[in-house]
Amino acid sequence: MITEIAQIDIHPGQEEEFEEAVAQALPFFLAADGCHGVDLHRSVENPSRYRLMVRWDTVEHHTVTFRSSAGFARWRALAGPHFAAPPQVEHVYSVLAP
């Protein structure tokens, strides 16, 4: 399993609207082929910074299948207006788990 970690900086003052946009977009992620869950984390030190963590079967389920879907377009339409900069995305896998 692969975890996508997207660091997303949003326009200050739009935190509540961004969180609502992510909540509205959640079904698009969960319906995507290869998606196993989504978490959204907000920074304590930088309250306009979030980390979206999405669990995928493979990197391609995110970068090819989801990104070419209508669900991705709808996610970006909802959340994109709040982005202060393009999200920084990386994919990781666990090497040590309890």
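A short reminder: the numbers here are calculations on the coordinates, not readings from a lab. Since the structure is predicted, the reported quantities are computational estimates derived from the model, not experimental observations. Ideal geometry is used to build each Cβ from the backbone, glycine not excepted, and the neighbour counts take in all protein chains shown.
Among (1) touching a Pro at 6+ places or on another chain (Cβ under 8 Å); (2) of a type outside the set (S, T, N, Q); (3) touching a residue at least 40 places away in the same chain (Cβ under 8 Å), where does Phe72 come up short?
(1)
Find all pairs meeting these conditions: Cβ atoms under 6 angstrom apart; at least six residues apart or on different chains; first residue within the range 6-21 and over 13 Å from Arg76 (Cβ atoms); second residue surrounded by 14 or more Cβ atoms within 10 Å (Cβ to Cβ) and among the basic types (Lys, Arg).
The qualifying pairs are Gln7/Arg51; Asp9/Arg49.
Can you name the residue in the range 18-55 that is touching a helix residue (DSSP H, G or I) at 6+ places or on another chain (Cβ under 7 Å) and surrounded by fewer than 15 Cβ atoms within 10 Å (Cβ to Cβ) and, of all such residues, is farthest from Ala70 (Cα to Cα)?
My answer is Pro47.
Could we say that Asp33 is more than 14 Å from Ala6 (Cα to Cα), touching a Ser or Thr at 6+ places or on another chain (Cβ under 7 Å) and of a type outside the set (Ser, Thr, Tyr) here? Before you say what the answer is, go through the steps one by one.
On the way: more than 14 Å from Ala6 (Cα to Cα): yes; touching a Ser or Thr at 6+ places or on another chain (Cβ under 7 Å): yes; of a type outside the set (Ser, Thr, Tyr): yes.
Taking the combined requirement at face value, the residue satisfies it.
Can you pull out the residues in the range 32-56 that are over 18 Å from Phe83 (Cβ atoms) and in contact with a strand residue (DSSP E or B) (Cβ under 7 Å, 6 or more places away or on another chain)?
Gly34, Cys35, His36, Gly37, Asp39, Arg55, Trp56
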